[in-house]
Amino acid sequence: MQIRHLQRVLTPEPAPRDTPGGHPLRSIARRLARVEREGSRVTVTASATTVRDGLRREELTLGSPARGEFRAVLLSPEHARPGPGVLVLGGKNARLEQLTGEAAPDHPDRNTAERLARAGLTTLAFDHGVLGGVPSERLGGRDEGAVLAHAFTLTGRCLLGALVGDALGVLAVLRAHPLVDGERVGLLGHSMGAAVALHTALLAERPLPVCAASHLGTYPALFGRLFTGFEGAVLPGILEYADLPDLYAALAPAPLQLQYGTDDPFLDPADARAAAETVRRGYRAAGAPEPEVLELPMGHGTHVAHAVRP
């Protein structure tokens, strides 16, 4: 059975990675992601602002050479002054209107961008483009994200690299916004969005605080035992160099909060717990303050109150 072949190749430990002169995983992630600098350049092509229920809502049309035009929404308190900004990255099934509170959330914690804005932060969320681009009759019951991920591999690229390119470009838009202090910007991601947040921070030119929810464990467990890993949330060939907790550790010394639920059907709590300890060791080895790891009584979600806690 090919599953035995798969489990065998997932078993070896990543090669040693300690080298002088900075963490090598950042350059490895950059090489594997193949983000095109020009393609990830994002501009605002149109905007419209409304104020309702105590929030300032800015509907943006963004454009990039890679994707063309796509939607984004910036939320802030009605009387906000320049302050911290958060790029909110939803999961594979997250829709922009649910993240921002424009539509009723399909899960109680889906409206992350709205809730962060009501907590006093300026947030920016954008349509990741993984849903609704392929006609349903062409999908034939297949997952659209998986179809896109497989198609990207034909070019030697990956869906995660495309998503990270978008996020880097949109992050620049957030930093430049007059309501945002460009030196106080962070990332919050859930599930696939947490993978995007992690890799965006790895490729960013300066350290970024990251809150990653419901994306913790080891790749061998997620892809070779649980079979819950999403192929669009990994870099091709990464396990030759690093496992998921090694990538989180490479963010040191940037502030990091990891959230995972003991009732999450996509994770193994014991595997996530062991992965978290690997991240802690990596931060200690870098002489950085330890990351905040929250094991919570929740499913595949985000605990927004913990994310905004000082």
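The values are calculated or read from the model by the stated rules, or taken from the named source; none is laboratory data. As the structure is a prediction and not an experimental result, all values here were calculated from the model. Note that each Cβ is placed from the backbone with ideal geometry, even for glycine, and that neighbours are counted across all protein chains shown. Surface accessibility is based on the protein's heavy atoms, side chains included, excluding ligands, DNA and RNA. Shrake-Rupley method; radii C 1.70, N 1.55, O 1.52, S 1.80 Å.
For the chain, which whole percent of the accessible surface, found with a 1.4 angstrom probe, sits on carbon and sulfur atoms?
Taking all protein chains in place, the chain shows 54 percent carbon and sulfur surface.
Dipole of the chain (Lys/Arg Cβ +1, Asp/Glu Cβ -1, origin at the Cα centre): which of HIS190, LEU116, PRO207 lies farthest to the positive side?
My answer, from the dipole projection, is PRO207.
Return the sequence-ordered ³J(HN,Hα) values of the stretch 259-275 in whole Hz as given by the Karplus equation 6.51 cos²θ - 1.76 cosθ + 1.60 applied to θ = phi - 60°, using x for Gly and Pro.
3J(HN,Hα) across the stretch 259-275, in whole Hz: 10, 8, x, 6, 10, 6, x, 8, 10, 9, x, 5, 5, 5, 5, 5, 4.
Write down the Kirkwood hydrodynamic radius of the stretch 124-211, to one decimal in angstroms, obtained as one divided by the mean of 1/r over all alpha carbon pairs.
The answer is 14.3 Å.
With an 8 Å Cα cut-off and a minimum separation of 6 or more residues, compute the relative contact order for the chain in percent.
19 percent
On alpha-carbon atoms, Rg over Rh for the stretch 207-283 using Kirkwood Rh?
Using only Cα positions, Rg/Rh for the stretch 207-283 is 0.94.
Taking the Cβ-Cβ separation of ASP53 and GLU240 as r and a Förster radius of 41 Å, what is the calculated FRET efficiency to the nearest 0.05?
0.25
Just to check, using Stokes-Einstein with a Kirkwood Rh over alpha carbon pairs, what's the diffusion coefficient of the chain at 20 °C and 1.002 mPa s in µm²/s?
109 µm²/s
If the viscosity is 0.890 mPa s and the temperature 25 °C, what Stokes-Einstein diffusion coefficient in µm²/s follows for the stretch 173-310 when Rh is the Kirkwood radius over Cα pairs?
Using the Kirkwood radius from Cα pairs, D works out to 161 µm²/s.
How big is the Rg/Rh ratio for the stretch 186-229, C-alpha atoms only, Rh by Kirkwood, two decimals?
1.06
Stretch THR153-HIS306 to full length: gain in nm at 0.36 nm per residue minus the Cα-Cα span?
Stretched out fully, the THR153 to HIS306 stretch lengthens by 51.4 nm.
Return one whole number: the accessible area per residue of the chain in Å², for a 1.4 Å probe.
47 Å²
For the stretch 186-209 and the stretch 269-297, what is the centre-to-centre distance using only Cα atoms, to the nearest Å?
With the stretch 186-209 and the stretch 269-297 each reduced to a Cα centre, they are spaced 17 Å.
Picking from SER64, SER214, SER191, which is most flexible by a Gaussian network model of the chain using Cα springs under 10 Å?
In the Gaussian network model the winner is SER64.
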